[in-house]
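Colleague: One structure follows; several queries about it will come next.
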Amino acid sequence: MKPITEIIRENLTPTQVLAICQAERAKGRFVNVNRLHSQLVEIEIIHPNRVIDVTPSPRYSLETR
């Protein structure tokens, strides 16, 4: 399964870009920022795949030694 990638290309100030990056990183996502030219910023937000292992693990007791 591939991670979901979201791309935003807009005219944003550095403060707005920083706020978006901090909010997305707080949610556990990866963020890449590229300035394409003086007025256009590209923000790539990668939603990683999260897998929860539900396989039971064996329990060991002290009596089996």
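Bear in mind these aren't lab numbers, they're just calculated from the coordinates by the rules spelled out. Because the structure is a prediction, the values reported are computed rather than measured. Every residue, glycine among them, receives a Cβ derived from its backbone with ideal geometry; neighbour counts consider all protein chains shown.
Colleague: In nm, what is the difference between 0.36 nm times the number of residues separating Lys2 and Asn49 and their Cα-Cα distance?
Modeller: 16.2 nm
Colleague: What does the charge count near Leu12 come to, summing +1 for each Lys or Arg and -1 for each Asp or Glu among other residues with Cβ under 14 Å from its Cβ?
Modeller: Taking every other residue near Leu12 into account, the sum is -2.
Colleague: Under the rule of at least 5 residues apart or a separate chain, name every residue whose amide H is placed under 5 Å from the amide H of Leu12.
Modeller: Val41
Colleague: Here is a further query. Using the Karplus curve 6.51 cos²θ - 1.76 cosθ + 1.60 with θ = phi - 60°, work out ³J(HN,Hα) for each residue of region 30-40 in order, rounded to whole Hz, and write x for Gly and Pro.
Modeller: So the J values, rounded to whole Hz, are 9, 10, 10, 10, 10, 8, 7, 7, 4, 10, 10.
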